[in-house]
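First comes the structure, then the notes that go with it.
The values are calculated or read from the model by the stated rules, or taken from the named source; none is laboratory data. Bear in mind that the values here come from a model prediction, so they are computed numbers and not experimental data. Neighbour counts run over all protein chains shown; Cβ positions are idealised from the backbone, glycine included. SASA here: full protein model, heavy atoms, side chains in, ligands and nucleic acids out. Shrake-Rupley method; radii C 1.70, N 1.55, O 1.52, S 1.80 Å.
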Amino acid sequence: MPKKALSFNHARVSAQPRIHQKAPEIQPYGTVSHALPLELEEPVRLEMTEQLNQLLADTMTLRDLYKKSHWQIAGPTFYHLHLLFDKHYGEQVELVDTIAERIQILGGVSLAMAPDVAETTRIERPPRGREEVPVQLSRLLDAHQIIIRHCRTLARRASQLGDDGTNDLIVSDILRTNEMQVWFVSEHLVNMPLVEAEA
């Protein structure tokens, strides 16, 4: 009897990887599933996940814009901006993860792939080549402005719908991080003398 059970188990278990697997999606994009005990009705979760996915697409685009600028910066401010852009990139990476996790918590499906992000973002696509520093800085500020405007609208809407978790995420994490980054980037566009003060 034990021998029979052993051979039965042996037939079902194999060290061979099962590759090239295909199956239908377990949840379509644009839907919310599992009603966790969040005290938020499905229409609220649907609206919030849609808005958060827009914010996610824009944040992923800004994140990548910072990395592009980090790699392609040139000129006398190279060292300082190279480091600043990488710092801001890292902060945007954290925001991307936080937004995506909020979407999943609400039962939605977060955007993940570059083609989907490119179709969704409202941030203008930069050229593939290098741009002058003032243009790079202006491009980053324009992207921040799109996100900040959306944050303010979305925070108010989340509050109206009773989604305090999303409201807190938007205000405490995303809005404040973007405002701080705008300050740091915009100061590099102030036309100040470097060596001799103007009398």
Subject >> Structure-derived Rg and Dmax of the Cα atoms in Å: which label, when the choices are (1) 23.1, 100; (2) 16.3, 52; (3) 16.9, 57 >> reply: (1)
**OP:** Please give the net charge around PHE184, taking every other residue with its beta carbon less than 11 angstrom from that of PHE184, where Lys and Arg add +1 and Asp and Glu add -1.
**Re:** -2
**OP:** Check the straight Cα-Cα distances from LYS68 and name the aspartates and glutamates below 16 Å, setting aside those fewer than 8 residues away within the same chain.
**Re:** ASP58, ASP86, GLU91, GLU124, GLU131, GLU132, ASP142
Subject >> the chain: angle of helix 42-72 to the longest principal axis, Cα-based, in degrees nearest 10 >> reply: 50
**OP:** Counting only heavy atoms of the protein chains, get the accessible area per residue of the chain (1.4 Å probe) and round it to a whole Å² value.
**Re:** 67
Original post:
Given a 1.4 Å probe and every protein chain left where it sits, what share in percent of the accessible area of region 16-113 is carbon and sulfur?
Top reply: 58
Subject >> Segment ALA35-LEU194, length gained on full extension (0.36 nm per residue, minus Cα span) >> reply: 51.4 nm
Original post:
Taking +1 at the Cβ of each Lys and Arg and -1 at the Cβ of each Asp and Glu, which of HIS82, ASN191, GLN145 sits farthest along the dipole of the chain towards its positive end, judged by Cα position relative to the Cα centre?
Top reply: HIS82
**OP:** Just the number, please: carbon plus sulfur as a percent of the accessible area of region 115-199, 1.4 Å probe, no ligands or DNA/RNA counted.
**Re:** 51
Original post:
How far, in degrees from 0 to 90, does helix 78-105 lean away from the longest principal axis of the Cα atoms of the chain, to the nearest 10?
Top reply: 40
**OP:** Any chance you could check the Cα centroid distance between region 173-199 and region 138-161 for me, in angstrom?
**Re:** 20
Original post:
Pick from ALA57, ALA35, ALA143: which residue has the top mean-square fluctuation in a GNM of the chain where Cα pairs under 10 Å get a spring?
Top reply: ALA35
Subject >> C-alpha long axis of helix 2-12 to longest principal axis of the chain, angle in ° >> reply: 40
Subject >> Gained length - LEU83 relative to MET180, 0.36 nm times residue gap less alpha-carbon distance >> reply: 33.3 nm
**OP:** Please work out how much accessible surface ASP142 shows to a 1.4 Å probe, ignoring ligands, DNA and RNA, in Å² rounded to 10.
**Re:** 90
Subject >> Spacing of the two label points (7 Å from each Cα toward its C-beta) at GLU101 and ASP142, in nm >> reply: 3.3
